[in-house]
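These notes are about the structure you will find just below.
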Amino acid sequence: MLIAQISDPHVSALEGVADSLLRTSGHLARAVAHLNRLERRPDLVMITGDLVDRGEVGEYERLRELLAPLRMPVFLLAGNHDDRDNLRRVFADHGYLPRAGLLQYTVDDWPVRLVALDTQVPGEAGGRLCGERLAWLEARLAEAPERPTVVAMHHPPFALGIPVMDAFGLDGSDRLAAVLRRHPQVERVVCGHLHRPIVRRFAGTVACTCPSTAHQLALDLPPANRLAFVMEPPACMLHLWLGSDGGLVTHLSLIAGEHPPFTVHDGRGGSATRSRLRAFIRREVGSSLN
Ligand SMILES: [Fe+2]
């Protein structure tokens, strides 16, 4: 099973700031094309929040158009830039989305179970896991203790060492850790929000964040304390389930134009020729330094 994760596309209306300044729609279109081109097709795609920039219906309609070419099912999570009701109005046919209240759900159709948590607090940049959300999580994890599980949510539950983002984190992360420690079937906690790839041990499992499909957060470690974005190459996460022996392996896949590989052995007895190697060096290696 292969789970593709993209995050924080921040789609806006055509004249919106995110689109005109950062070209977020164009970046999401490129991410969709990237996912469709993968030789090993993902079984599903999940998008870990900040789907749109201002939570407006028109933005969600644009998001819907941009996701339409995806050749695999897509599962949506809300981030701090989203509006729950507008999201579910435009994606009313997404049957996994609850019709009211928090946008939390499970996906049970594949070997790895997904549990989506809603960390959003309307009007606030930071997130929260209140008693209701954590009780729901505890109940869902208790339902299937033998099934490998990925918990997905927008806000990461740990400090990052990036002061400006740590100022508004996730309220309730200590209680989340207590829940997760009781359920060792959780292979991964996957998040968005940071617009950077970050990995950390958390509550007996591994937690990671996914880059944005568009703009990334500048890596400002202490003592820096600014908020800055940078147009580093976007990327997606590919979570590959290798079975109970191999576990869940997370790969970072850059969405940065086409870079055809040079085949050294093709797995069927064929090897590279010198002329092909020379052509590859002329075409790819030189341009990689530009
Ligand atoms: Fe974001």
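Please indicate, with yes or no, whether at least one residue in segment 231-239 is touching a residue at least 60 places away in the same chain (Cβ under 8 Å), over 24 Å from Val164 (Cα atoms) and more than 16 Å from the ligand (Cβ to nearest atom). For segment 231-239, residues touching a residue at least 60 places away in the same chain (Cβ under 8 Å), over 24 Å from Val164 (Cα atoms) and more than 16 Å from the ligand (Cβ to nearest atom): present. Going by the structure shown, is Leu21 modelled with pLDDT under 95 and either within 15 Å of the ligand (Cβ to nearest atom) or assigned to a helix (DSSP H, G or I) (or both)? For Leu21, the condition - modelled with pLDDT under 95 and either within 15 Å of the ligand (Cβ to nearest atom) or assigned to a helix (DSSP H, G or I) (or both) - is met.
Filtered by the rule that a residue be surrounded by fewer than 20 Cβ atoms within 10 Å (Cβ to Cβ) and within 16 Å of the ligand (Cβ to nearest atom), segment 40-54 gives a lone residue, Arg54. When residues in segment 1-34 are screened for being closer than 23 Å to Arg113 by Cα and buried (at least 23 other Cβ atoms within 10 Å of the Cβ), 6 of them pass.
Conditions tested, residue by residue: (1) among the aliphatic types (A, V, I, L, M); (2) in contact (Cβ under 8 Å) with a residue 60 or more places away in the chain; (3) buried (at least 16 other Cβ atoms within 10 Å of the Cβ); (4) within 26 Å of Leu252 (Cβ to Cβ).
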| residue | (1), (2), (3), (4) |
| --- | --- |
| Gln104 | no, no, yes, no |
| Ala116 | yes, yes, yes, yes |
| Arg133 | no, no, yes, no |
| His154 | no, yes, yes, yes |
| Leu194 | yes, no, yes, yes |
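Scanning segment 1-18 for residues that are more than 15 Å from the ligand (Cβ to nearest atom), assigned to a loop (DSSP other than H, G, I, E, B) and under 19 Å from the mean Cα position of the chain (by Cα) gives a single hit, Met1. Filtering segment 55-99 to residues that are surrounded by fewer than 18 Cβ atoms within 10 Å (Cβ to Cβ), among the charged types (D, E, K, R) and within 20 Å of Gln5 (Cα to Cα) leaves Arg64, Glu65, Arg71. Considering Gly246, Gly257, the condition of being out of contact with any Ser or Thr (no Cβ under 9 Å at 6 or more places or on another chain), farther than 30 Å from Val186 by Cβ and surrounded by fewer than 10 Cβ atoms within 10 Å (Cβ to Cβ) is satisfied by Gly257 alone. Say we look at segment 196-224 and pick out the residues that are exposed (fewer than 15 other Cβ atoms within 10 Å of the Cβ) and more than 15 Å from the chain's Cα centre (by Cα); which of these is nearest to the ligand (Cβ to nearest atom)? Checked segment 196-224; the qualifying residue nearest to the ligand (Cβ to nearest atom) is Leu219. Return yes when Asp50 is part of a loop (DSSP other than H, G, I, E, B), in contact with a Gly (Cβ under 9 Å, 6 or more places away or on another chain) and within 30 Å of Ser25 (Cβ to Cβ) and no when it is not. Taking the combined requirement at face value, the residue satisfies it. Filtering Val57, Val74 for residues that are away from the ligand (no atom under 16 Å from the Cβ) and either touching a residue at least 40 places away in the same chain (Cβ under 8 Å) or closer than 22 Å to Cys210 by Cα (or both) leaves a single hit, Val74.
The values are calculated or read from the model by the stated rules, or taken from the named source; none is laboratory data. These numbers were taken from a predicted model, which means no experiment stands behind them. Positions of Cβ are backbone-derived with ideal geometry, glycine not excepted, and every protein chain shown enters the neighbour counts.
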